[in-house]
Amino acid sequence: MTANMDPGPGAGGSASPAPRRLSILGATGSIGLNTLDLVSSEPGRFEIEALTAGRNARELAELAVRFSARIAVVADPAAYAELRDRLAGTGIEVAAGSEAVAGAAARPTDIVVSAIVGFAGLAPSLAALGSTRILALANKETLVSAGPLFLGAATRAGTRILPVDSEHNAIFQVFEAENADTISEVIITASGGPFLRTPKSELAAVTREMALRHPKWSMGPKITIDSATLMNKGLELIEAYRLYPVSVDQLSILVHPQSVVHGLVRYKDGSLLAELGVPDMRTPIGYCLAWPERRPTTVKPLDLSAVGTLTFEAPDRDRFPCLPLAEAAMRRGDGAPCVLNAANEVAVEAFLADRIAFLDIARVVEATLGKIDGEGGLMEPDSLAEATELDGRARKIALACL
Ligand code: NAD
Ligand code: MG
């Protein structure tokens with residue numbers, strides 16, 4: 001796993017003036033649009049191969065024209081006709097369906113940004129391996145649901161995985177792989193979300209609108225709810241466990257409401273290395289797009305004197321039960337993280353549809369894990385088919401729990 005994370009030769013070549021060929025899976029989302037913002041800030045540096053979206057044909061068509069993509073693919077077949085009509089006469093190829101998304105991901109490129117939300121990102125991320133030199137992975141659900149399978153396939157395919165998630169990107173920047181045995185702790189920070197100071201008694205009545213109001217980061221709806229329950233931090237712990245050669249006990253979380261320090265690595269010599277920056281995803285995305293170089297971005301520089309005070313505290317596992325559920329799934333291993341993720345996706349969707357209450361999200365996840373564990377069903381998925389089956393099974397049970 002770590003071999004894949006070691007910065008090293010083989011993925012260089014960026015000194016060449018040739019533009020980098022780039023595909024973006026989930027181009028219409030928060031990460032996708034931030035990526036395209038960076039692309040437009042460096043004219044001539046990138047050529048867009050494929051842009052994909054879930055179902056927004058109008059926005060996808062606009063982006064495909066503006067960025068001269070070779071192909072635009074929408075996952076929802078019902079959106080095909082609109083996409084085709086909007087792109088008629090442009091010369092841009094058009095396709096629809098989840099297999100077509102995976103097909104687009106597999107077109108030869110230098111970089112693929114994997115920014116589909118949820119388990120739906122796994123198959124296209126796997127499909128990209130081997131056809132791209134670098135896969136910049138924002139889709140954390142891929143690593144949570146099928147980390148060993150995915151990272152093994154990436155190593156075999158010779159595709160370098162770079163983490164986009166701000167905490168993991170921070171750690172990537174300060175993790176000295178050659179000194180891994182002198183690392184004693186890997187720390188990811190958490191803003192604490194909108195309910196950092198909300199008393200436990202008030203969490204039951206929290207609404208969708210309140211949960212969608214994140215204090216620091218502007219993101220898609222699913223990860224914003226995950227940030228409010230702290231499930232996001234749980235998923236990120238598992239993500240870090242997959243990416244870095246550390247034990248479960250060497251991973252920790254610090255709540256840091258200013259969201260300036262994103263990740264830290266502690267060395268046995270007493271040094272604690274951290275990456276700092278304003279909370280703007282264009283910094284970690286830009287890092288991945290430029291890697292192994294560093295290139296300027298339009299992100300405003302961090303003014304520490306204006307921030308003034310940085311504070312850190314331990315997370316409250318009692319008020320945010322999704323976090324201990326994720327930690328237990330990480331310790332349990334095998335298929336537990338996959339089931340945790342699937343149940344959470346179902347529960348978050350139900351919360352966003354006003355079908356369940358905020359605190360029910362953790363209840364649905366816990367009940368689903370308990371049921372599948374009781375049936376001896378928490379086996380590690382060894383293939384995409386096995387992961388899809390386990391994810392589907394967990395979804396069915398979670399839906400029944402609603
Ligand atoms: P988003 O909801 O804004 O965008 C998701 C994208 O995926 C959209 O383009 C959407 O059309 C597409 N999509 C949705 N369902 C799909 C499906 N079934 N098949 C194909 N495409 C589909 O989400 P986001 O906030 O950009 O997050 C994307 C991923 O990046 C998530 O895994 C998230 O956890 C991760 N991430 C996001 C941020 C952030 O700041 N937004 C930070 C760290 C990690
Ligand atoms: Mg993050």
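The values are calculated or read from the model by the stated rules, or taken from the named source; none is laboratory data. Please read these numbers as outputs of a predicted model, since none were measured by experiment. Note: ideal-geometry Cβ built from the backbone for every residue, glycine included; neighbour counts use all protein chains shown. What goes into the accessible areas is simple: the full protein's heavy atoms, side chains included, and nothing from ligands, DNA or RNA. Shrake-Rupley method; radii C 1.70, N 1.55, O 1.52, S 1.80 Å.
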Worksheet entry | Pairs with Cβ under 7 Å, 6+ apart, first in region 247-264 and closer than 27 Å to R332 by Cα, second charged (D, E, K, R) and open to solvent by 20 Å² or more (accessible area, probe 1.4 Å) | V248/R331; Q250/E185; S252/E185; V255/E313; H262/E275; G263/E275
Worksheet item: So H262 fits all but one of (1) surrounded by 17 or more Cβ atoms within 10 Å (Cβ to Cβ); (2) away from ligand 2 (no atom under 15 Å from the Cβ); (3) within 25 Å of A180 (Cα to Cα); what number is the exception?
Response: (2)
Discussion item. Can you report the number of residues in region 30-51 which are open to solvent by 50 Å² or more (accessible area, probe 1.4 Å), more than 10 Å from ligand 1 (Cβ to nearest atom) and either of a type in the set (A, V, I, L, M, F, W, C) or part of a helix (DSSP H, G or I) (or both)?
Written reply: 2
Worksheet item: Which of the residues that make up region 103-133 are farther than 14 Å from T52 by Cα and touching a strand residue (DSSP E or B) at 6+ places or on another chain (Cβ under 9 Å)?
Response: P108, T109, D110, I111, L129, S131, T132, R133
Worksheet item: Which one is nearest to ligand 2 (Cβ to nearest atom) among residues in region 107-122 that are hydrophobic (A, V, I, L, M, F, W, C) and open to solvent by less than 40 Å² (accessible area, probe 1.4 Å)?
Response: A115
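For (1) surrounded by 19 or more Cβ atoms within 10 Å (Cβ to Cβ); (2) farther than 20 Å from M210 by Cα; (3) hydrophobic (A, V, I, L, M, F, W, C), each residue gets a yes or a no:
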position	(1), (2), (3)
R317	no, yes, no
G333	no, yes, no
F351	yes, no, yes
I356	yes, no, yes
D360	no, no, no
G370	no, yes, no
M379	no, yes, yes
E389	no, yes, no
L399	no, yes, yes
Practice prompt. Return the residue satisfying two criteria in turn: it lies in region 154-174 and is of a type in the set (V, I, T) and part of a helix (DSSP H, G or I), and of such residues it is least open to solvent (accessible area, probe 1.4 Å).
Written response: I171
Worksheet item: Which one of these does R160 not meet: (1) away from ligand 1 (no atom under 16 Å from the Cβ); (2) under 20 Å from V117 (Cα atoms); (3) of a type in the set (K, R)?
Response: (2)
Worksheet item: Can you name every residue in region 208-237 that is modelled with pLDDT of 95 or more and either more than 26 Å from G54 (Cα to Cα) or aromatic (F, W, Y) (or both)?
Response: L237
Worksheet item: Of all residues in region 127-140, which are within 15 Å of G26 (Cα to Cα) and either surrounded by fewer than 24 Cβ atoms within 10 Å (Cβ to Cβ) or in contact (Cβ under 8 Å) with a residue 40 or more places away in the chain (or both)?
Response: A127, A128, A136, A138, N139, K140
Discussion item. Can you name every one of the helices (runs of 4 or more DSSP H) wholly within region 52-153 that holds 1 or more residues which are near ligand 1 (Cβ under 10 Å from one of its atoms)?
Written reply: 57-66, 98-105, 122-128
Practice prompt. Tally the residues that are within 30 Å of V346 (Cα to Cα) and either of a type in the set (K, R) or without any contact (Cβ under 8 Å) to a residue 24 or more places away in the chain (or both), restricting the search to region 289-315.
Written response: 0
Worksheet item: In region 183-227, which residue that is among the hydrophobic types (A, V, I, L, M, F, W, C), within 16 Å of ligand 2 (Cβ to nearest atom) and in a helix (DSSP H, G or I) is farthest from the chain's Cα centre (by Cα)?
Response: I225
Response to the item:
Filtering region 57-69 for residues that are touching a strand residue (DSSP E or B) at 6+ places or on another chain (Cβ under 8 Å) and either open to solvent by less than 40 Å² (accessible area, probe 1.4 Å) or on the phi < 0 side of the Ramachandran plot (or both) leaves a count of 8
